[in-house]
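The values are calculated or read from the model by the stated rules, or taken from the named source; none is laboratory data. Quick caveat: nothing in here was measured; it's all calculated off a predicted structure. Note: ideal-geometry Cβ built from the backbone for every residue, glycine included; neighbour counts use all protein chains shown. Heavy atoms of the whole protein, side chains included, go into the accessibility calculation; ligands, DNA and RNA do not. Shrake-Rupley method; radii C 1.70, N 1.55, O 1.52, S 1.80 Å.
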Amino acid sequence: MRTKLLLLSLLLTALSAYSQEYIFGKVRSEFGSELPNAVIINTRTDEKVSTDKDGNYMIGAKPSDELRFVKSGYERASTKISIDNYSQPLNISLTQSAYLIEEVELAFQATGNLKKDVKSLDPPRKVVALNSSMDSYMRTSPTEPSPKLSIPSAFAPKDFNAGQVDVIKAVSALVGLIGKTSSSPITKANYAETQEFYRRVKNEIDLSFYTSRGWTEEDLDRFLIYADNSYSLAKKYRKTFNIAAISSEMKMAYQEYIKTHKVGT
């Protein structure tokens, strides 16, 4: 009898543990600052999520799954999920990657001759010419006409047509109101819809523009999450999936992304 009760207790404990499907936590730097846009990958399911602006994340996982934490400019971190991780947050600290500071060469070499050294500090001829052109431009009279003076409404002559209904404007406003009510509002994509949208982008859109620059699959995943957060791609296009519009907005996101992220070879 005791053996049966023990087996039943162990079975209920195992079922309770496996029924928990999501891991919660926060990603911070080694100095304790919260890290947004860090990518968390479940290596078994290939599911990928990113941290929000406060470094928080949520991802589906089972015991023994391995989670990988990736952030540009930081060392990768990996951890295996245990049953204890379902009862408390799984917080991760990432260490910043080491990088070399480029050597700076000083073009100016002091000779000890004061007259010669002072001339070396004069601005280049192109800068002098540009400053002269700008000064001349600022002194030139404007070619565009000045704004016309108008009488303030408080002092304008009385409008005897005021108070009468403009039929054309009223009809136009009614048509616009009907158009707004008939069009369905754009709703925010849920978790499953967002993941499905990411898969369609990778399968149906030509991404050679990015792969030709040496981007890996992880680079593409991080960028796709960044572009979606910046331009609400899944929210706007998960139903219509306008390839031309998605590609165009991804290119705009790329111009901003490369300013703050180092990717590729």
> For Ile243, which of the numbered conditions (1) open to solvent by 70 Å² or more (accessible area, probe 1.4 Å); (2) at pLDDT 90 or above; (3) within 30 Å of Arg76 (Cβ to Cβ) fails to hold?
Replying inline: (3)
>> Quick check on my filter: what residues within the range 46-103 are open to solvent by less than 20 Å² (accessible area, probe 1.4 Å), within 23 Å of Glu30 (Cα to Cα) and assigned to a strand (DSSP E or B)?
In response: Val49, Tyr57, Ile59, Leu67, Phe69, Val70, Leu94
>> Please go through (1) open to solvent by less than 40 Å² (accessible area, probe 1.4 Å); (2) closer than 27 Å to Ile59 by Cα; (3) modelled with pLDDT under 90 for Gly176 and return the number of the only condition it doesn't satisfy.
In response: (2)
